[in-house]
Every structure is written in C-alpha cells, then in structure tokens.
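Accompanying notes for the structure given below.
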Amino acid sequence: MSRRKKSHQSHGTPNRPRLWGKHAVTAALDNPGRKVLRAWATRDTAEYMQFPQDVALTLAEAPDLGRLVPNDAPHQGVVIEVEPLEEVWLDELLTGAPERAILLVLDQVTDPHNVGAILRSVAAFGAIGIVTQDRHSPPESGVIAKAASGALERVPWARVVNLARALEEIGDAGFWRIGLTGEAEADLKAALGPARVSLVLGAEGAGLRPNTREHCDALARLPISDAVESLNVSNAAAVSLYAASIA
C-alpha cells in the first residue's frame, strides 16, 4: 500500500464509513442489511475473517492499516468500507414494539464513544432501539462501531428531525416517558411501572433541554452516592436499562 498523508477523507465519510476491529467487522459481515464495499486486512486476519468473494480485499501490513483509521485506532488487523445502514423510521419501530418494551431516547448526545457504548447496552438489556435527533447525533463511524462491539448492526436506530414531536409519538404509542436528571426528586425505581417505558437521557453537562423535559411523563434520578456528582451518560444509560429490564 502507498504511504499517503492522513486526511479526513482517508478515514471514510458519512456516506462511506470505515469500520475496524474484529467484532465490528464480523457483525457487519454477518448483517444481511449491510453492504460491504471493500476491505483491508493483514494476511492472518483475512484468513480468520473469511471475507465473501464479492468483497474487494487488499492485503496489508498493520502499520498501513493504521493509516486508514483515525489516530491509529485499534484496528486489530482489519478495516472495511461500507454503505450506511438503511434508515429506520420511528413509526415502524413503535408499530413493531411488543407489549413490554424499553426504548432509549438521546437528547443531543454527540460523542461517538458514548453512543457506541449505549448501543452495546441497549443490545445487552434487550431494548427495542434508540432514537436521536438527526442534526445532533454522530453519523455511523468506526468509532461508534468499535465501541458498540457489533451492536451497531443489531440495534434499530431511528433518527428524527424534531425530538419533541418524536416524544409525542412515543407517548401516543403507549410508552411511559421518563427523563433522567439529577435534579429530579423521585428515583428511577419509583418512576418505573408501565410495561412500555421510554428512557430519555441528555448530553453530559447540558442534560435534558427544557422542551424535552416538558415532553416526558416523569423525571427521575439515579440513586448514586454523594461521592460523585453524576455518571457518564453511557454508564447512566446502562444502569437505567438494567433497572427498567428487571422492573
């Protein structure tokens, strides 16, 4: 492979994101809804991954693969370029929801590491998907896929134009909407109850926006000790999803 200078373009684009790492790549290859355009891998990893014959594969050394990903990310010997997944519509997600369901809504959570970790927790605790505002959420990327450890391919992700309107639709579909905020008087356990619940989390620092709070049925906090002021949003999501899954 030629040694070319790093650039944003060389790391993929929103229309042609690059994914890396064995878990993320394996999940993408196993996903019939994912179109893999090309791949780069070390010889040993290529034998391990067993790429389909229709995927253009370039064998490369590990240092060369490092130049295909941002900041020499841990590619584990494999990088692929893909088409984004097909868009998921909120009404389809709500129509197909079972009587007992958990849905996660993110209010302007933009850090791709956090979003990836949240996707992983959503998959782990059996939630039906996540909802984000299109303009204030990260696009598909290798960072999200690596942090999600395969969950990007499995968890439905609905992007909406107006989050407040989406919350109205979620409420109309029978979901009890709980906004998580440290300022709430009730803890999450007390706020849970209905079989269908939508957990709404805001960005770190800013938290839930006022209009988002107004579209929640209840506000609740996590019962953490005074030793810390708050949890990272991905940790808060994991704890909230666990609490809702056992309620």
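The values are calculated or read from the model by the stated rules, or taken from the named source; none is laboratory data. All values reported here derive from a predicted model rather than from experimental measurement. As a convention, Cβ positions derive from the backbone with ideal geometry for all residues, glycine included, and neighbour counts pool all protein chains shown.
Count of the stretch 147-184 residues, restricted to those that are exposed (fewer than 14 other Cβ atoms within 10 Å of the Cβ) and under 18 Å from the mean Cα position of the chain (by Cα), is 1. Restricting ASP111, ASP64 to residues that are surrounded by fewer than 22 Cβ atoms within 10 Å (Cβ to Cβ), under 30 Å from ALA41 (Cα atoms) and assigned by TED's automatic domain parsing to the domain that holds SER198 narrows the list to ASP111.
Residue-by-condition table, conditions (1) buried (at least 22 other Cβ atoms within 10 Å of the Cβ); (2) modelled with pLDDT of 95 or more:
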position	(1), (2)
SER198	yes, yes
LEU201	yes, yes
GLU204	no, no
GLY207	no, no
ASN211	no, yes
ALA220	yes, yes
ASP226	no, no
LEU231	no, no
TYR242	no, yes
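So which residues in the stretch 185-196 are of a type in the set (Gly, Ala, Ser) and either surrounded by fewer than 17 Cβ atoms within 10 Å (Cβ to Cβ) or part of a loop (DSSP other than H, G, I, E, B) (or both)? Result: ALA186, ALA190, GLY193, ALA195. Scanning the stretch 185-237 for residues that are closer than 16 Å to ILE102 by Cβ, charged (D, E, K, R) and more than 23 Å from the chain's Cα centre (by Cα) turns up LYS189, ASP217. When the stretch 134-151 is filtered for residues that are in contact with a Ser or Thr (Cβ under 9 Å, 6 or more places away or on another chain), of a type outside the set (Gly, Ala, Ser) and not in a loop (DSSP other than H, G, I, E, B), only HIS136 remains.
Give, as residue ranges, the strands (runs of 3 or more DSSP E) completely inside the stretch 1-110 that count at least 3 residues that are out of contact with any Phe, Trp or Tyr (no Cβ under 6 Å at 6 or more places or on another chain). Give the steps one after another, and end with the answer.
Values: elements: 16-20, 36-41, 56-59, 78-82, 101-107.
Counting at least 3 such residues, we get 16-20, 36-41, 78-82, 101-107.
Residues in the stretch 154-162 include at least one that is under 16 Å from VAL82 (Cα atoms) and at pLDDT 95 or above. Taking the stated definitions as given, is GLU140 charged (D, E, K, R), surrounded by fewer than 18 Cβ atoms within 10 Å (Cβ to Cβ) and in the same structural domain as LEU241 (by TED's automatic domain parsing)? The answer is no for GLU140. Only a single item in (1) at pLDDT 90 or above; (2) under 26 Å from VAL161 (Cβ atoms) is not met by THR13, and it is number (1). Take the conditions outside any loop (DSSP other than H, G, I, E, B), free of Cβ contacts under 8 Å to residues at least 24 places away in the same chain and among the basic types (Lys, Arg) and apply them to ARG165. Does it pass? So ARG165 passes the test.
Selection of the stretch 68-106 for residues being surrounded by fewer than 18 Cβ atoms within 10 Å (Cβ to Cβ) and closer than 20 Å to ALA145 by Cα yields PRO70, ASN71, ASP72, PRO74, GLU83, PRO84, LEU85, GLU86, GLU87, VAL88. Against the conditions (1) over 23 Å from THR13 (Cβ atoms); (2) in a loop (DSSP other than H, G, I, E, B); (3) under 10 Å from the mean Cα position of the chain (by Cα), where does SER121 fall short? Just the number, please. The one condition SER121 does not meet is (2).
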